[in-house]
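Encoded as structure tokens, the structure appears first; notes follow it.
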Amino acid sequence: MKSLIVIFLVLIVSAVATLMFMEEPGYVLFAYADMSLQTSMAFFIIALVVILAVVYGLIRFLVGVFGLPGRMSEKRQQKKAVACQRGLALGLAEMTEGRYSKAEKLLVQSAKRGDSPMLNYLSAARAAQMQGAYDRRDEYLRQASQSGSNTEVAVGLTQAELQIAHGEHAQAISTLRHLNDVAPGNQQLLRLKARLCQEVGDSESLMGLMPDLRKAKAFDNETLEKLEAEAFSAQAREIAAANELGKLEGIWVNLPKVSRNNPGMVAAYAQALVAMNEADRAEAVLRAAIKQHWDQNLVHLYGKLAVNDVSRAIGYAEGWLRDHRRDAVLLLALGRLCKLAKVWGKARGYLESSISAKASPEAYRELGELLDQVGEEKLAQDAYRKGLQLAVDGAEAEAAPVAAAQPAKKGKKVAKGGTAALPSLSSGTA
């Protein structure tokens, strides 16, 4: 389209110029000393255009001739880069399919053709490690580090990752320390630090790393919460084994609020307190957390507490029934607490209600123990059998209360199809 417009404009200018020269041809006079040259204006303009075109063409020719080596070199570099990238793609495809030997060969061959073969050598190092060729792995890492500028961080991160995967923890620690001086706050560096802490079981260092992981957003929130809960749980177990209550409470108090609201963290803290015979402290912690945010795992732990004032704990748990009346975990917890208080009737009612809401091997076991306690051995065996079958099959189907298996006595009516009523605090004494 542009070419057509240019041609059209040239034609118009030519036509106008032709008309002008026909009416008044004009002339051009060149004079120097005793010499002079005269020609028509039209001839002069045409000659000038031709001369300019020839000069322009000559300049373009000379530029092309002198620039030919550079262009050929550029094309060679492009060709090598394409070959290097193609080899990288093919090598990675072979690695994905598990053909590590072939992948290594492709990656190394293509690396020698390219000017920026760092990724090829790093991938070759991974392929070599998958074959157990650790000497070749280290050689590829060395070549990657020498393949260009600004390769230190990428090569170091890959080296640390491979060292951790191979269990070379001491070497990985050294590599990560060096990288921490070069690129502090790097997301992948922080991830590798966290992974190494998990590998060596250094829960204290992992807990100290959590603020940096959050700041750098190295993981999503869910993963961070899970990672912190696992680290704190391991650290809390170690402290509980050493019976250092003050140290545990000091760590807990200094945690950020978001961490102390994490159900996994609360559960780990409560379990450590129980391990140090501090069930009443654990009860207060669990109760406060459950009040703030309902969590079945915390409710489950609450039901297993051997607190001094069991009636008070039962009262709190029964208060939760207003909003969670058919919660099988809460009903199981109440059944356990009532067993601890030796309120057999209420305990049985709660356990049967838990089974009615959602049968579980735990509830059947607790019910079987209770029935054994009150001398109903046949029903106890039936409860144990059903619990064992449920545990083996992994079934979640509802089961009828064990009491329904008891034949009705003369003169007494048996309720049809009803589930066990939820007992209140004032009913069902031993």
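Across the range 264-318, Cα-Cα pairs more than 19 Å apart make up 16 percent of the total. For the cross-link pairs Lys215/Lys257; Lys193/Lys226; Lys358/Lys378; Lys304/Lys358, the ones whose C-alpha atoms lie over 21 Å apart are Lys358/Lys378. Give me P(r) over the range 203-314, computed from all C-alpha to C-alpha distances, binned every 5 Å, as integer percentages. Here the calculated profile for the range 203-314 is 2, 12, 23, 24, 18, 12, 5, 2, 1, 0.
Taking the alpha carbon gyration tensor of the range 146-245, multiplying each eigenvalue by 5 and rooting it gives semi-axes of 28, 15, 10 Å, largest first.
What is the distance, in nm, between label points placed 7 Å from the Cα along the Cα-to-Cβ direction at Ala288 and at Gln85? Result: 5.9 nm between the two label points.
For a protection proxy built on the mean count of beta-carbon atoms within 10 angstrom, sort 46-55, 316-325, 380-389, 249-258 highest first, please. Spell out each step's value before the answer.
Details: 46-55: 10.5, 316-325: 14.7, 380-389: 18.0, 249-258: 13.0.
Result, highest mean Cβ count within 10 Å first: 380-389, 316-325, 249-258, 46-55.
Taking label points 7 Å from Cα along the Cα-to-Cβ direction, Ala33 and Lys257 give a separation of 10.1 nm.
Of the peptides 349-356, 163-170, 28-35, how do they stack up when ordered by the mean number of other Cβ atoms within 10 Å, highest first?
Details: 349-356: 26.8, 163-170: 15.6, 28-35: 8.2.
Those peptides, ordered most packed to least, come out 349-356, 163-170, 28-35.
Taking the Cα centre of each part, how many Å lie between the range 119-133 and the range 145-187? The distance from the Cα centre of the range 119-133 to that of the range 145-187 comes to 15 Å.
Every number in this text was worked out from the coordinates using simple rules, so none of it is lab data. If you're wondering where the values come from, they're calculated on a predicted model, not measured in any experiment. Glycine gets a Cβ as well: all are built from the backbone with ideal geometry, and neighbour counts include every protein chain shown.
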